[in-house]
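The next block holds one structure in the form of structure tokens; read it before the comments.
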DNA sequence: GTATAGTTGACTAAATCATTCGGGAATAGT
DNA sequence: ACTATTCCCGAATGATTTAGTCAACTATAC
């Protein structure tokens, strides 16, 4: 589970398709213009999204892409996994054979943090992001649901 | 807010320091051996961690690194931001001047998803990860606290 | 047929990742 | 003072990823 600009481009594009897909397929040219992502890059990304069953394509004039599932049934994790095939960065190669005294803590740590983040991204749906986007467009304040309860925190300035 | 192997190396290393820091500073050589991360790479990472005030260094024999704050007061987001200086991938260059009909949706989407993920990573502390790690070492089942409530989900196989 | 639009593959400049090397500066122990 | 340890710093490097371009192809609506 990596999280890069590539995955975010894909999420952005998927939201665009979700928001404009009511009147038939959405062309990549349209997404490209609205989101300012190069057409060819989008073609690469949507190739993967299609092969992973997240979108369906319609060829020819009037064609384009549709979501293959309802926006409620597509998570951010689904999209990211589709375009950003996961790497294995546990030195032990994913095996459990790396056992000195503490059995490859790196491996445990990775999969642990991975699981945390994955579970979170899996809980955020495209539909939610679309709703948030539409609220913002209307100038309404954005309500972020279920943040975890506050706990002792650092005092570093927040500059994400 | 990016999430790559680099950031995870940093988190892994910080957890190692947190777990072994009870009896004085932890040397990077020790971290390097335990976590199988190259020493020079660790030096680069800890240079940034130090400049961001997350660790303190002690030179000379018996020296090494200590956490500058309690493990409870350091979030995963703090660590990642320190080593992985944030990029700006909103075509508009972070400005708000990109207003056609929908005022740079790319920008909004990015900062929105960013905020989600950042808020989550900010809520996970080093102390939590250390606890989880120690539980695992004792063979106890890992309890992951506060997942968000389940909602309509895809049926894709989970292979993060 | 022709224009539209997806499909595929090769190729590329730039950035980032992870590592290696070489030399410094500070300090504890002798 | 000498020496070993450890942090500190910058430069260089190969591999990978990013983001984009180009070109040729297939399917389809009109």
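The values are calculated or read from the model by the stated rules, or taken from the named source; none is laboratory data. Since the structure is predicted, the reported quantities are computational estimates derived from the model, not experimental observations. Glycine gets a Cβ as well: all are built from the backbone with ideal geometry, and neighbour counts include every protein chain shown.
Here are a few things to note about the model shown:
- When residues of region A:24-35 are limited to those that are within 11 Å of another protein chain (Cβ to nearest Cβ) and touching a residue at least 12 places away in the same chain (Cβ under 8 Å), the one nearest to DNA strand C (Cβ to nearest atom): A:31
- Selection over region A:10-23 of residues that are within 8 Å of another protein chain (Cβ to nearest Cβ) and either surrounded by fewer than 16 Cβ atoms within 10 Å (Cβ to Cβ) or within 15 Å of DNA strand D (Cβ to nearest atom) (or both) gives a count of 3.
- Flag for residue B:54 being within 11 Å of chain A (Cβ to nearest Cβ), under 14 Å from the mean Cα position of the chain (by Cα) and within 12 Å of DNA strand D (Cβ to nearest atom): yes
- Every test in (1) within 11 Å of another protein chain (Cβ to nearest Cβ); (2) more than 11 Å from DNA strand C (Cβ to nearest atom) is passed by residue B:5 save one, and that test is (2).
- Test: residue in region B:62-71 that is exposed (fewer than 15 other Cβ atoms within 10 Å of the Cβ), near DNA strand C (Cβ under 10 Å from one of its atoms) and away from chain A (no Cβ under 14 Å): yes
- Selection within region A:37-51 - within 9 Å of DNA strand D (Cβ to nearest atom) and either out of contact with any helix residue (DSSP H, G or I) (no Cβ under 6 Å at 6 or more places or on another chain) or assigned to a helix (DSSP H, G or I) (or both): A:38, A:39, A:40, A:41, A:42, A:43, A:44
- Single match in A:96, A:128 (criterion: at pLDDT 90 or above and away from DNA strand D (no atom under 16 Å from the Cβ)): A:128
- Each residue in region A:36-54 was checked for being more than 8 Å from DNA strand C (Cβ to nearest atom) and either buried (at least 22 other Cβ atoms within 10 Å of the Cβ) or in contact (Cβ under 8 Å) with a residue 24 or more places away in the chain (or both), and 8 pass.
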